[in-house]
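Accompanying notes for the structure given below.
The values are calculated or read from the model by the stated rules, or taken from the named source; none is laboratory data. All values derive from a computational prediction rather than experimental measurement. Cβ placement follows ideal geometry from the backbone for every residue including glycine, while neighbour counts extend to all protein chains displayed. In case anyone asks, the SASA skips ligands and DNA or RNA and just uses the protein heavy atoms, side chains included. Shrake-Rupley method; radii C 1.70, N 1.55, O 1.52, S 1.80 Å.
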Amino acid sequence: MSNIVTQKAELRGEALTKRDALSPEDRAQAAEAIAQRAFPVPFKPGTIVSGFMPLKSELNPIPLMRKLAEADAKLALPAIAGRGKPLIMRAYALGDELARGQWGIREPKPEAAEVAPDILLVPLAAFDRAGNRIGYGAGYYDMTIAALRARKAITIVGLAFAAQEIREVPATPRDEALDLVLTERETIDCRRL
């Protein structure tokens, strides 16, 4: 297990270096390219889509979230509940005032309603075509995805730059796989049909 942790740390560092090397213009164009494509998951008005507020050089999901909201999706954002706990998804509308959470992450205020999303947009450091992802090492999204999947059917969509793709992520049984990955170049369907 410690060997996998070491491998993931090395792969995370390499992928983040590639992501950080992208220009702000390339990052903005990638976010718009993803938003302009047809969303690969059919949804009805009122479907809850939880996104995230981008940190550092992460792909910005806001253009996609705006498009989904215009198609009558209800939005949500994660809030950190504490170390070792799944994230809490709280209702969010574009323009809502946000609080500063742990690590300065912008999140809905505690009075925002807790919701169970139907579609979860997930940030990541690296991914492979089997749907395995490397996050930032704390396991928040793996815990959250497992908890949500135990409650209901949910589609997990990773958002990344094509440069973050690696050949193979060393996965463990605790790691939750993505259903799809959206990059500026393509939609990758990782579901094992």
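Of the residues making up region 106-119, just one is surrounded by fewer than 16 Cβ atoms within 10 Å (Cβ to Cβ) and touching an Asp or Glu at 6+ places or on another chain (Cβ under 9 Å), namely 109.
Filtering region 144-189 to residues that are touching a Leu at 6+ places or on another chain (Cβ under 8 Å) and assigned to a helix (DSSP H, G or I) leaves 144, 145, 148, 163, 164. Can you find a residue in region 120-140 that is touching a Pro at 6+ places or on another chain (Cβ under 6 Å) and surrounded by fewer than 19 Cβ atoms within 10 Å (Cβ to Cβ)? No - not one qualifying residue is present in region 120-140.
Being surrounded by fewer than 22 Cβ atoms within 10 Å (Cβ to Cβ), within 22 Å of residue 83 (Cβ to Cβ) and among the charged types (D, E, K, R) is the requirement here; does residue 168 meet it? Criteria not met by residue 168.
Identify the residue in region 32-44 that is in a helix (DSSP H, G or I) and touching a residue at least 40 places away in the same chain (Cβ under 8 Å) and, among all such residues, is least open to solvent (accessible area, probe 1.4 Å). Once the filter is applied, the top-ranked residue is 34.
Residue by residue through region 83-136, note down the ones that are in a loop (DSSP other than H, G, I, E, B), closer than 23 Å to residue 181 by Cα and of a type outside the set (A, V, I, L, M, F, W, C). Result: 86, 117, 118, 123, 128, 129, 131, 132, 135, 136. The set of residues in region 45-70 being open to solvent by 50 Å² or more (accessible area, probe 1.4 Å), at pLDDT 95 or above and in a loop (DSSP other than H, G, I, E, B) consists of 45, 60. The number of residues in region 126-162 being within 16 Å of residue 13 (Cα to Cα), touching a strand residue (DSSP E or B) at 6+ places or on another chain (Cβ under 8 Å) and aromatic (Phe, Trp, Tyr) comes to 1.
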